[in-house]
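Data block below; observations after.
The values are calculated or read from the model by the stated rules, or taken from the named source; none is laboratory data. Given the structure is predicted, the values throughout are model-derived calculations rather than measurements. Cβ placement follows ideal geometry from the backbone for every residue including glycine, while neighbour counts extend to all protein chains displayed.
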2 protein chains.
Amino acid sequence: MRNLQELQALFIGELEKRNFGENPKNLYEPFHYILALGGKRLRPVLTLLSCEAFGKPAEQAMEAALGIELLHNFSLIHDDIMDEAPLRRGKETVHQKWNLSIGILSGDAMVVEAFRQISKVDDSILREVNEVFAKAATEICEGQQWDMDFESRDDVTEEEYIKMIQFKTSVLLGAALQIGARIGGADDVGAAQAYNFGLNLGTAFQIKDDILDAFGDPEKFGKQVGGDILSNKKTILLLHALNSSDDSTQSELENWLKTTDQPEAKVEAVKAIFERSGTVRYAEQRMEAYYRMALNNLDECEVHGADVSVLRSFADYLYHRDH
Amino acid sequence: MRNLQELQALFIGELEKRNFGENPKNLYEPFHYILALGGKRLRPVLTLLSCEAFGKPAEQAMEAALGIELLHNFSLIHDDIMDEAPLRRGKETVHQKWNLSIGILSGDAMVVEAFRQISKVDDSILREVNEVFAKAATEICEGQQWDMDFESRDDVTEEEYIKMIQFKTSVLLGAALQIGARIGGADDVGAAQAYNFGLNLGTAFQIKDDILDAFGDPEKFGKQVGGDILSNKKTILLLHALNSSDDSTQSELENWLKTTDQPEAKVEAVKAIFERSGTVRYAEQRMEAYYRMALNNLDECEVHGADVSVLRSFADYLYHRDH
């Protein structure tokens, strides 16, 4: 089977050839604009990888992979509106470049096109693929709503946070893998384990993201280290430190949360609290637990007929990344 | 087969029983809020009617009818944002009652739920129903974009206008009927003619709406007569009068378009122009032509096994309505 880079190139080549519509221009130009912004195309490539892992050529999963990428980009367009983000990948966001209405409507047209592409699978798996896809789409909306709700809540639990990041991100990785597996001919257990692999690996990835945001190497990380701390973002680190450390540490942390005029001191102090309260070690352990579950899921896929070598090196790469 | 009122009651009873989700509250409360605002439930009832016309009990088309109603309500939530509408049916719109983000996101979750419901049809028609539904959903987005684009264009043609109103409204009536027909067991021609019936009847209905907006009886019409004239809305009347009358009438009309300080005189003068330039008669003729095509489509449905009596009286009712 082909490796990640080869399938990435295959997907990008195919995406560039596609024309999802032309008129009205104000509806379809944003489509092609956001799809051209680039990115690693992780989700659709996982669909292709999973298809080949279970034994069919990735080309058979191309439409499904496009459906996955369209669903992801729909959520980016609408999330950027909700987050009032002016930029994505250094370029103007859709609502910024055009306007609010066009951002809403081109996102709407894109989620419909996503359903259209995903429905191109064979009759024998159409119902299941539709259901997996729609479930992921619903959960992405729910996850985004939880995320917005959390900003104004002060009683968010760690488990709620895990569920939120899973819904916002991991379920689509799971669906991408499950759908690819089914197209590749996976049996029920193989397909379910492919989903679980994506869910668990995605969760490990998100926890690692929280850790890197505070403790990553600034030269490698690409964005401002400590950004989550400065914005009081309820990451797994902050939630664990708030909910599980002793009273004096908690009140020290709460004081720093109110501090806005000493950014550098705040980052250093909060990081020190995360370290000495055992929060960093705790988050790393949870991350590793999800990673181990993901590897177990891969073993099960192997038992059910998949060649998981490329998926295993992909997981390994994510685990060892330092940015 | 049951009549329109009976199927309306059946649908409303079923809708009230449904729970599409509860958590997060900010995502699902808007769902139940907008679905409870009422309305004639025309689109889903057409699905039920069409199913019974082709010979199966409407209950078998209930999930599809819910899918149609959800798709319609998704477009209402998002259109209200784009139109900056504070009220719908006398109650606050979703984005007004909650906020912009919740309006966007609950609409997103609703279009996904619409696809989920529509996909509950039998395997034998699943692919076709999905395609008909997705095509209508795409066209609704395209129609909304054309509508917004037309506001700032001064070269809109009548045919573009017809296409816009068809996409915004009629295609969903067509899809509602075609999907109901298929569930009811219609053959290919019967299903296609059911679609065409909805498309043509919907188009006649929209043209009639334009005429009633200017010439309806104020006591019966419910909204301000002449509202379209006051807002210079590019209706079939205005487009025809601008594109097809003599030069002096055109420049007279263009002067009135610029007038904002004499609303009553403007409405009377523009109506007089519409009448003496033959525009009203022209619009009535186009409306009648679409209505006749719709009736021909019904005849074809009858040839292909449908009992079209209820659909025929429904068309007759729409044709003779004066508000």
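The figures follow:
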quantity	calculated
Top-ranked residue of region B:277-319 - restricted to ones that are without any contact (Cβ under 8 Å) to a residue 12 or more places away in the chain and among the charged types (D, E, K, R), ranked as nearest to B:Ser245 (Cα to Cα)	B:Arg281
Conditions (1) within 12 Å of chain B (Cβ to nearest Cβ); (2) among the hydrophobic types (A, V, I, L, M, F, W, C); (3) surrounded by fewer than 18 Cβ atoms within 10 Å (Cβ to Cβ); number of the one not met by A:Val189	(1)
Flag for B:Asp217 being over 30 Å from B:Glu52 (Cα atoms), touching a residue at least 60 places away in the same chain (Cβ under 8 Å) and buried (at least 17 other Cβ atoms within 10 Å of the Cβ)	no
Which listed residue is farther than 29 Å from B:Arg312 by Cα and either touching a residue at least 60 places away in the same chain (Cβ under 8 Å) or more than 13 Å from chain A (Cβ to nearest Cβ) (or both), from B:Met62, B:Met82	B:Met82
Among residues of region A:220-244, those that are buried (at least 19 other Cβ atoms within 10 Å of the Cβ) and touching a Ser or Thr at 6+ places or on another chain (Cβ under 8 Å), counted	5
Verdict on B:Gly198 being within 19 Å of B:Thr138 (Cβ to Cβ) and assigned to a helix (DSSP H, G or I)	yes
Of the criteria (1) hydroxyl-bearing (Ser, Thr, Tyr); (2) crowded, with 24+ Cβ neighbours inside 10 Å; (3) within 8 Å of chain B (Cβ to nearest Cβ), which one A:Ser50 fails	(3)
Answer residue from region B:291-323, given it is of a type in the set (Asp, Glu) and closer than 19 Å to B:Asp210 by Cα and is surrounded by the fewest Cβ atoms within 10 Å (Cβ to Cβ) among those	B:Asp322
Lone qualifier among B:Ala265, B:Ala289, B:Ala283 - being closer than 29 Å to B:Glu219 by Cα, more than 21 Å from the chain's Cα centre (by Cα) and part of a helix (DSSP H, G or I)	B:Ala265
Within region A:85-95, tally of residues that are away from chain B (no Cβ under 14 Å) and either free of Cβ contacts under 8 Å to residues at least 12 places away in the same chain or closer than 16 Å to A:Gly198 by Cα (or both)	4
Residues being closer than 21 Å to A:Ala283 by Cβ and out of contact with any helix residue (DSSP H, G or I) (no Cβ under 8 Å at 6 or more places or on another chain) - total across region A:143-158	4
Selection within region A:35-59 - touching a Phe, Trp or Tyr at 6+ places or on another chain (Cβ under 9 Å) and either free of Cβ contacts under 8 Å to residues at least 40 places away in the same chain or under 19 Å from A:His95 (Cβ atoms) (or both)	A:Leu35, A:Arg41
Pairs where the first residue, in region B:111-127, is touching a residue at least 24 places away in the same chain (Cβ under 8 Å) and the second is outside any helix (DSSP H, G or I), C-beta under 8 Å, 6+ apart	B:Glu113/B:Phe20; B:Glu113/B:Gly21
Residue satisfying condition, being touching a Phe, Trp or Tyr at 6+ places or on another chain (Cβ under 7 Å) and either more than 9 Å from every other protein chain (Cβ to nearest Cβ) or of a type in the set (Lys, Arg) (or both), within set B:Ile118, B:Ile77, B:Ile162	B:Ile118
Test: residue in region A:34-42 that is within 11 Å of another protein chain (Cβ to nearest Cβ) and not in a helix (DSSP H, G or I)	no
Every residue from region B:123-159 that is closer than 28 Å to B:Leu66 by Cβ, acidic (Asp, Glu), facing chain A (nearest Cβ under 10 Å) and surrounded by fewer than 21 Cβ atoms within 10 Å (Cβ to Cβ)	B:Asp123, B:Glu131, B:Asp147
Residue in region A:33-42 that is of a type in the set (Phe, Trp, Tyr), more than 23 Å from B:Val112 (Cα to Cα) and modelled with pLDDT of 95 or more present	yes
Test for B:Ile104: is it under 16 Å from A:Ser75 (Cβ atoms) and facing chain A (nearest Cβ under 10 Å)	yes
Some residue of region A:114-137 being over 21 Å from the mean Cα position of the chain (by Cα) and at pLDDT below 95	no
Hits in region A:201-222 (condition: outside any helix (DSSP H, G or I) and under 21 Å from A:Ser170 (Cβ atoms))	A:Gly216
Residue in region A:100-122 that is surrounded by fewer than 22 Cβ atoms within 10 Å (Cβ to Cβ), farther than 27 Å from A:Leu242 by Cβ and of a type in the set (Phe, Trp, Tyr) present	no
Every residue from region A:57-97 that is over 16 Å from A:His32 (Cα atoms) and surrounded by fewer than 17 Cβ atoms within 10 Å (Cβ to Cβ)	A:Pro57, A:Glu59, A:Asp83, A:Glu84, A:Ala85, A:Pro86, A:Leu87, A:Gly90
Residue in region A:297-304 that is at pLDDT 95 or above, within 24 Å of A:Tyr161 (Cβ to Cβ) and either of a type outside the set (Ser, Thr, Tyr) or outside any helix (DSSP H, G or I) (or both) present	yes
